[in-house]
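A.B. asks: Have a look at the structure that comes next, please.
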Amino acid sequence: MQGALYGEEGFYRRGERPTAHFRTSVHASTRFAGALARLLTEIDASLGHPPRVDLVDVGAGCGRLPLQIMAAVTPGLAARIVPTAVEVAPRPDELPAGVAWRAEPPAEITGMVVANEWLDNVPLDVVELTPRGPRVMLVDPATGAERPGQRPADDDREWLDRWWPLREPGDRAEVGLPRCLAWGSVVGRMRRGVAVAVDYAHSRGSRPATGTLTGYRDGHVVPPVPDGSCDITAHVALDACAAHGVKAGADATLLTTQRSALRALGVTGAKPPIELAHQDPQAYVAALCAAGEEAELIDPLGLGGFGWLAQAVGTALPESLTGAHPAEA
Ligand SMILES: C[S@@+](CC[C@H](N)C(=O)[O-])C[C@H]1O[C@@H](n2cnc3c(N)ncnc32)[C@H](O)[C@@H]1O
């Protein structure tokens, strides 16, 4: 997975952009950025309006999100924001020079981090419980043929015992330790502020018995063969990432769904009143479009079913998020 996505000729390393293959909340609607702008405005207030506010987009794809967020905050706040896109893919030519582009998050962050659909692309191993015990599955990138390989390393076994116990022969788990470490490393760089990870997720009480590893190419689901021709992704054990965030210094944690978080931030999908169609048809159509976009973002069977992990360091979680319902364990 590491080589297929990020090796020399890897899918992302060579510059494939998510828009060509699937649709994330960033591309579904700028109302996603609008909600994050509300969050950043609250974070800025709770930090006491510092002269520099970091806005770090990890796994930034095309780097559009920080610009959308800056367009949605007040000019006063926008002028203090230092936007950074963290991405292994090459910098897009059209991205304005004001957005920094780097392969690693800044060492110190005061402000907000957003990682939308990043962690599901952090490579991991698949372990299957065989009659001879748990084994790491090996895949031939030429044919997609699988066979059991070595025993998982001790730290992976510990992770599995705690977060994804295998019960029956044939059960498979996706060992989320690299994602936990990646997320912990981001939270560990926060001096003050809030880090938000948004991804398709599962929790300890509801891990899928055969895993979630999936391939995407040109908008279609394809077998997840690690040959560099497709995106390879697996749902994220966000509850485990949260625990690593706490270890890395998070003072407060919220684990919820995108639907619940966005509704708390005012994204409701409510249709405009029909009277508006008579008074101001153009405004009515615009409001109807906005409602449709919001509905896509909060659809419980789609993007709304994604997990949101928000962790605050050196400050409280934004008050508006306290209206979001915690996810079930
Ligand atoms: C599914 S895309 C999401 C893009 C964007 N956030 C969006 O919502 O449209 C995941 C992105 O994360 C990037 N990525 C994965 N691991 C990374 C890492 N360790 N450092 C920087 N970027 C990474 C990939 O190159 C890819 O562009």
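Only the coordinates and a few stated rules stand behind these numbers; no lab work does. If you're wondering where the values come from, they're calculated on a predicted model, not measured in any experiment. Cβ: placed from backbone, ideal geometry, glycine included. Neighbour counts: every protein chain shown.
A.B. asks: For the stretch 1-48, run through the GluC sites (Glu not before Pro) and keep only the ones in DSSP coil with at most 12 other Cβ atoms within 10 Å of their Cβ.
C.D. replies: Details: sites: 8, 9, 16, 42; in loops: 8, 9, 16.
Those that pass, being in a loop and sparsely packed, are 8, 9.
A.B. asks: From the helices alone, meaning DSSP H stretches of at least four residues, give me the mean residue ellipticity at 222 nm for the chain, per-run term -39500 (n - 2.57), in deg cm²/dmol to the nearest 500.
C.D. replies: Details: 11 runs with 103 residues, N = 329.
Helix contribution divided over all residues of the chain: -9000 deg cm²/dmol.
A.B. asks: Antiparallel as a % of all DSSP beta bridges within the stretch 191-301, to the nearest 5?
C.D. replies: Working: 6 of 8 bridges.
Just about 75 percent of them are antiparallel.
A.B. asks: Still on this structure: For the stretch 101-200, give the share of DSSP beta bridges that are antiparallel, in percent and rounded to the nearest 5; count only bridges with both residues there.
C.D. replies: Working: 10 of 18 bridges.
Approximately 55 percent, going by the DSSP bridge assignments.
A.B. asks: If you count, for each residue, the other Cβ atoms within 10 Å and average over each peptide, how do 231-241, 124-134 line up from highest to lowest? Don't skip to the answer; put the middle values down first.
C.D. replies: Values: 231-241: 24.6, 124-134: 17.3.
Those peptides, ordered most packed to least, come out 231-241, 124-134.
A.B. asks: How would you order 109-116, 18-25 from highest to lowest mean count of nearby Cβ atoms within 10 Å?
C.D. replies: On the way: 109-116: 24.4, 18-25: 16.6.
Descending mean neighbour count gives 109-116, 18-25.
A.B. asks: Binning at 10 angstrom from zero up to the longest distance, how are the C-alpha pair distances of the stretch 290-329 distributed in percent?
C.D. replies: Distribution as computed: 23, 43, 29, 5 percent.
A.B. asks: Going from the alpha-carbon gyration tensor of the stretch 235-323, what semi-axes, largest first and in whole Å, does one get by taking the root of 5 times each eigenvalue? Walk me through the numbers on the way to the answer.
C.D. replies: Values: eigenvalues 245, 41, 11 Å².
Whole-Å semi-axes of the equivalent ellipsoid: 35, 14, 7.
A.B. asks: For residue 81, what charge total do you get from the other residues with a beta carbon under 12 Å from its beta carbon, if Lys and Arg give +1 and Asp and Glu give -1? Write down the numbers at each step before the final one.
C.D. replies: Details: positive: 52, 80; negative: 44, 54, 57.
Net of charged neighbours comes to -1.
A.B. asks: A follow-up question, please. For the residue pair residue 91 and residue 247, what label-to-label distance in nm results when each label sits 7 Å from Cα along the Cα-to-beta-carbon direction?
C.D. replies: Between residue 91 and residue 247, the simple spin-label model gives 3.5 nm.
A.B. asks: Less than 12 Å Cβ to Cβ from residue 15, Lys/Arg counted +1 and Asp/Glu -1: what total charge do the surrounding residues give? Don't skip to the answer; put the middle values down first.
C.D. replies: Details: positive: 13, 14, 17, 91; negative: 9, 16, 87, 93.
Charge balance in the 12 Å sphere: 0.
A.B. asks: How large is the dipole of the chain about the Cα centre if only Lys and Arg carry +1 and Asp and Glu carry -1, each at its Cβ, rounded to the nearest 20 debye? Intermediate results must be reported in sequence, preceding the final value.
C.D. replies: Values: 30 positive and 40 negative charges, 89 e Å.
Approximately 420 debye in magnitude.
A.B. asks: As an exercise, identify the GluC sites (Glu not before Pro) in the stretch 260-329 lying in DSSP coil whose Cβ has no more than 13 other Cβ atoms within 10 Å. It would help to have the intermediate numbers written out before the result.
C.D. replies: Numbers: sites: 275, 293, 294, 296, 319, 328; in loops: 328.
Sites meeting the loop and neighbour criteria: 328.
A.B. asks: Ok, one more. Need one number: nm distance between label points at residue 220 and residue 104, each 7 Å from Cα along Cα→Cβ, rounded to one decimal.
C.D. replies: So the label points at residue 220 and residue 104 sit 4.1 nm apart.
A.B. asks: Another question, if that's okay. Taking every Cα atom in the stretch 235-275, find the radius of gyration and the maximum pairwise distance Dmax, and write them in Å.
C.D. replies: 15.9, 53
A.B. asks: Kirkwood Rh, Cα Rg: Rg to Rh for the chain? Could you put the intermediate results ahead of the total?
C.D. replies: On the way: Rg = 20.4 Å, Rh = 20.7 Å.
Reported Rg/Rh (Cα atoms, Kirkwood Rh): 0.98.
A.B. asks: Note down the net charge around residue 94, summing +1 for each Lys or Arg and -1 for each Asp or Glu among other residues with Cβ under 13 Å from its Cβ. Present the calculation step by step, with values, prior to reporting the outcome.
C.D. replies: Details: positive: 17, 64, 91; negative: 93.
Every neighbour counted, the sum reads +2.
A.B. asks: Same structure, new question: Dipole magnitude of the stretch 94-189 about its Cα centre, charges +1 at Lys/Arg Cβ and -1 at Asp/Glu Cβ only, in debye to the nearest 20?
C.D. replies: Values: 11 positive and 17 negative charges, 39 e Å.
So the magnitude is around 180 debye.
A.B. asks: At a threshold of 8 angstrom on Cα-Cα distance, excluding pairs fewer than six apart, so keeping six or more, what relative contact order does the stretch 127-222 reach in percent? Please report the intermediate quantities before stating the final value.
C.D. replies: Details: 91 pairs, mean separation 22.6, N = 96.
Here the relative contact order equals 24 percent.
A.B. asks: Do any trypsin sites (Lys or Arg not before Pro) in the stretch 138-224 lie in a DSSP loop with no more than 11 other beta carbon atoms within 10 Å, and if so, which? Please report the intermediate quantities before stating the final value.
C.D. replies: Working: sites: 157, 162, 167, 172, 179, 189, 191, 192, 204, 217; in loops: 167, 189.
Sparse-neighbourhood loop trypsin sites (Lys or Arg not before Pro): 167.
A.B. asks: Still on this structure, please answer the following. If I stretch the segment between residue 157 and residue 274 completely, what's the gain in nm (0.36 nm per residue apart, minus their alpha carbon distance), one decimal? Provide the component values of the computation, followed by the final result.
C.D. replies: Details: separation 117, 0.36 × 117 = 42.12 nm, distance 5.79 nm.
Stretched fully, the residue 157-residue 274 segment lengthens by 36.3 nm.
A.B. asks: Would you please give the FRET efficiency between residue 229 and residue 137, computed as 1/(1 + (r/R0)^6) with r the Cβ-Cβ distance and R0 = 22 Å, to the nearest 0.05? Before the final figure, lay out each step's value.
C.D. replies: Details: r = 19 Å, r/R0 = 0.88.
The value I calculate is 0.70.
A.B. asks: Working from the alpha-carbon coordinates of the stretch 107-172, get Rg over Rh, Rh being the Kirkwood radius. Before the final figure, lay out each step's value.
C.D. replies: Numbers: Rg = 16.0 Å, Rh = 14.2 Å.
Using Cα coordinates only, the ratio equals 1.12.
A.B. asks: Subtract the Cα-Cα distance of residue 19 and residue 71 from 0.36 nm times their separation in residues, and report this length gain in nm to one decimal. Please list the in-between numbers first.
C.D. replies: Details: separation 52, 0.36 × 52 = 18.72 nm, distance 2.09 nm.
Value of the extension gain: 16.6 nm.
A.B. asks: Tell me, what is the Rg over Rh of the stretch 31-180, with Rh the Kirkwood radius over Cα pairs? Let's see the in-between values first.
C.D. replies: On the way: Rg = 20.7 Å, Rh = 18.2 Å.
My calculation puts Rg/Rh at 1.14.
A.B. asks: Shape verdict for the stretch 28-104, please, from the Cα gyration tensor: rounded (a/c under 1.5), prolate (a/b greater than b/c) or oblate.
C.D. replies: prolate
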